Amino acid sequence: MTHNEGGPRRDPAAEPGRAAEPPTADLAVLLARVARGDQVAYEEVYDQLAGPVLGMVRRVVRDLAQSEEVMQEVLLELWRTASRFDRDKGSAASWVMTIAHRRAIDRVRSEQKSAERELRAASAQIDYDEVTETVEATLDRERVRRCMGSLTELQRESVTLAYYGSYTYDEVAGLLGVATGTVKTRMRDGLIRLRDCLGVD
Amino acid sequence: MRRGRSELHTLAGPYALDAVSGEDRARFERHLAHCESCGQEIRGLREATARIGVSAAVRPRPELKGQALRAAARTRQLPPVSRDAPAASPGWRGFLAGARGMAGRRAGLWPPRLAAALAAGLLVIAVTMGVLMVGAQHRLDTDQVRGRAIAAVLNASDVTMLTAKVTTGGTATILESRHEHSLVFTAARLRALPAGSSYELWLMGPEGTRSAGMLPASREGMIGPMVVSGLAAGDDVGLTVEPAGGAARPTSAMIMKLGLVP
């Protein structure tokens, strides 16, 4: 990892004395500043979150133009509602990703009701390699991939179909040909295992 | 444990993945409101799903950033939820109660308008802006947004200039536009603060006391221009000295207070 490229926030572990501080600790402080109308803090929040939000939304929505639209909506929503962020209810990153995921899912589900369904199927063939990934994303993806590997196949399929496929649990049950009760518990067990493996609380 | 409740509880996984119908979501959220351990579990599961999402990060097209910053600059922010929200912890509530007392002691409007000095003020701001723009090309997007916001205030038909002395030394000048819900703040010759302290600007009015941001560093005795948006009817502007990171509520006495044009 190069030190020149990253800037101060990119690699906290490289700075002596700050090794244990995750970048998300920053984010909560920045959000508090954003809530007070601080546009410079908003720019930093944008820098930290636009990539993760777009990457996730794109896997759900598939179409790049629409994904960018959802990402911009989510980040504007963040500006508008920063004062509502409550750190007692979870990390800032988890708050934002939850908002973004719901938006993405809503977009897909509303579209599936409309005639654009065909279009979405056609645009699903995007080559993801065309987009450059960040260093953090590469490390993070490696860790998540390893932890996803510790799930049973049914757990992993249930989680992935729900999260990226935007299917509800009963649709997942239909796709996998198992009982809805089984899918519900597999999703929960899978996430618990993932949570423990990733070391989040 | 009742059967209905444990059946509901298995929805935790699908809920954290947003894999529930609207009806299921509403049902589970009603359950969550009364189940503390469920809230904690959802929190952990959400952290896990967020990590799945973050691991897919890509680099967005750079031009989207300018668009997002401009959109934010013209979008009004929501105030915090009610101070008496049941979710607030006692410590937080006590803290807010103190701040409420402070906002209640709102003094009357004070300094005069100096319309004649408007042209001179505009010139100073234009020059300062030029210096800032030249010196900070790496912040181009931010500066463009700020520059545009400043221009919007300066060109508003109802722009008004106000000045006030800062009790600890120096003067503050504000150009205000009700129409743009914004003001441009500058200050001159403010006393230098010890390390660890900063000046913080406040909006105070019927919508409560909100931070308008930390003052930027002084350059050759001049501070700003700084744009404050989200001006509400009845707001006054105040200045305090706070810890460098800023405070959520004023923690020291106002050293400058300006009554805005109603």
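Derivation of every value follows stated rules applied to the coordinates shown; laboratory data play no part. The structure presented is a predicted model; accordingly, all values stated were derived computationally and were not measured. We place every Cβ from the backbone using ideal geometry, glycine too, and count neighbours over all the protein chains shown.
Peptide A:45-57 has a mean shielding of 5, counted as Cβ atoms of other protein chains within 10 Å of each residue's Cβ. Calculated FRET efficiency, B:Thr168 and B:Val261, Cβ-Cβ r, R0 30 Å, to nearest 0.05? That pair, B:Thr168 with B:Val261, gives E of 0.75. What separates the Cα centres of the stretch B:214-258 and the stretch B:154-171 is a distance of 13 Å.
Report the FRET efficiency, 1/(1 + (r/R0)^6), for A:Arg143 and B:Ala233, where r is their Cβ-Cβ distance and R0 is 56 Å, rounded to 0.05. The formula returns an efficiency of 0.65 here.
Sorting A:Glu142, B:Glu180 by the number of Cβ atoms found within 10 Å of their own Cβ, with the fewest placed first, yields A:Glu142, B:Glu180. The mean count of C-beta atoms from other chains within 10 Å of the C-beta of residues in B:16-28, rounded to a whole number, is 6.
Once the Cβ-Cβ distance of B:Thr251 and A:Glu77 is raised to the sixth power relative to R0 = 35 Å, the FRET efficiency obtained is 0.70. Peptide A:91-101 has a mean shielding of 5, counted as Cβ atoms of other protein chains within 10 Å of each residue's Cβ.
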